[in-house]
Amino acid sequence: MSEPTTPDQDVTRPLTTPVHAADGLRRVAAAVLGDLRAVDGALYAAVAATPTPTLDRALRRLSHAADHSKISFAIAGVLALSGSRPRRAALAGVGAVAVASASANLLGKRLVRRARPDREAARVTVDRHVPMPTSASFPSGHTASAVAFATAVGTVLPAASVPLGALAGAVGYSRVHTGVHYPGDVAAGAVLGIASAATALAVAAARLPASYGTGLAQRARHR
């Protein structure tokens, strides 16, 4: 016959339920993501609430002009008529746009599926409005393509890097200003654009080393 168990002897049951390391990391990641979304929403609301009547129409027109990378393709057309090196830059830029557009629209938007901002709830003034896209919000395809073009062209043709970089930044901001993207969507689009440009340039250097490989290597050495 067994002896009765005393309270001091009952040590088989843990006082707390153990938390697995993976569960803890998931909770931390979810908390950080929630905070980042809160900041993202606050920045969007701040832009929407700031009166900028002088900029509203200009940025609306810029955002519309960047649809389907029309600005980038127009610049590429001018570069293609300006000599061999600008022509190479234009080809690299167009290739980067293709990679960025496919990555943003066929992969990023389908994987994340973030809803577009509620422009009416944020009271974005009508003077800023462009048509609200039906696709997912993350990442910004306009920004990805603009940054990809600026990065690729600027790498081959350094004199164009500053003006094209400023233009790409303006395009990205215009998407927040017009209310169709959160700032986080634009930031992600910029990162995707840089990666797309690097991919396009690597492919160009591998396929046409005489045109791209030597020049890019020399520029890298001078940095």
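The values are calculated or read from the model by the stated rules, or taken from the named source; none is laboratory data. Just so we're clear, the structure is a prediction, and the values are computed from it rather than from any experiment. Glycine gets a Cβ as well: all are built from the backbone with ideal geometry, and neighbour counts include every protein chain shown. In case anyone asks, the SASA skips ligands and DNA or RNA and just uses the protein heavy atoms, side chains included. Shrake-Rupley method; radii C 1.70, N 1.55, O 1.52, S 1.80 Å.
Helices (runs of 4 or more DSSP H) wholly in the range 101-208 with at least 3 residues that are in contact with a Pro (Cβ under 8 Å, 6 or more places away or on another chain) - which ones? Break it down into steps so the answer makes sense when it comes.
On the way: elements: 109-112, 141-156, 161-177, 183-207.
Those helices (runs of 4 or more DSSP H) span 183-207.
With of a type in the set (K, R) and closer than 30 Å to R207 by Cβ as the only criterion, which of R110, R119, R128 stands out? Working first, answer last.
Details: R119 fails: closer than 30 Å to R207 by Cβ; R128 fails: closer than 30 Å to R207 by Cβ.
After applying the criteria, what remains is R110.
If you take the residues in the range 120-135 that are touching a residue at least 12 places away in the same chain (Cβ under 8 Å) and open to solvent by 20 Å² or more (accessible area, probe 1.4 Å), which one is nearest to S101 (Cα to Cα)?
Narrowing the range 120-135 to residues touching a residue at least 12 places away in the same chain (Cβ under 8 Å): 122-125, 127-130, 132-133, 135.
In the following step, the residues that additionally are open to solvent by 20 Å² or more (accessible area, probe 1.4 Å) were identified as 122-123, 125, 127, 129, 132-133, 135.
Details: A122: 28, R123: 30, T125: 29, D127: 28, H129: 23, M132: 18, P133: 15, S135: 13 Å.
Filtering first and then ranking leaves S135.
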Query - Extreme residue, surrounded by the most Cβ atoms within 10 Å (Cβ to Cβ), among residues of the range 44-59 that are within 21 Å of the chain's Cα centre (by Cα) and closer than 22 Å to A115 by Cβ - result: Y44
Query raised in the report: If a residue has to be more than 14 Å from D185 (Cα to Cα) and among the small types (G, A, S) to count, how many in the range 110-131 make the cut?
Result: 2
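How many of the residues making up the range 77-104 are open to solvent by 10 Å² or more (accessible area, probe 1.4 Å) and farther than 13 Å from A197 by Cβ? Explain how you work it out, then say what you get.
Applying the first criterion (open to solvent by 10 Å² or more (accessible area, probe 1.4 Å)) to the range 77-104 yields 77-88, 91, 94-95, 98-99, 101-103.
Restricting the remaining residues to those that are farther than 13 Å from A197 by Cβ gives 77-88, 102.
Qualifying residue count, the range 77-104: 13.
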Report summary line: Note on the range 148-182: residues buried (at least 23 other Cβ atoms within 10 Å of the Cβ) and within 20 Å of P133 (Cα to Cα) are A168, V171, G172, S174, R175, V176, H177, T178, G179, V180, H181, Y182
Query - Sole exception among (1) more than 21 Å from H68 (Cβ to Cβ); (2) out of contact with any Gly (no Cβ under 8 Å at 6 or more places or on another chain); (3) of a type in the set (F, W, Y) for Y173, by number - result: (1)
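Taking A22 as the residue in question, decide whether it is small (G, A, S), farther than 28 Å from D127 by Cβ, modelled with pLDDT under 95 and surrounded by 10 or more Cβ atoms within 10 Å (Cβ to Cβ). It would help to see each step written out before you state the result.
Details: small (G, A, S): yes; farther than 28 Å from D127 by Cβ: yes; modelled with pLDDT under 95: yes; surrounded by 10 or more Cβ atoms within 10 Å (Cβ to Cβ): no.
Here the answer is no, as A22 does not meet what is asked.
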Report task. Could you please tell me which pairs satisfy a Cβ distance under 7 Å, a separation of 6+ or placement on different chains, a first residue in the range 42-71 that is under 17 Å from G141 (Cα atoms), and a second residue that is part of a helix (DSSP H, G or I) and among the β-branched types (V, I, T)? Result -> L62/V171; A65/I71; A66/V171; S69/V97
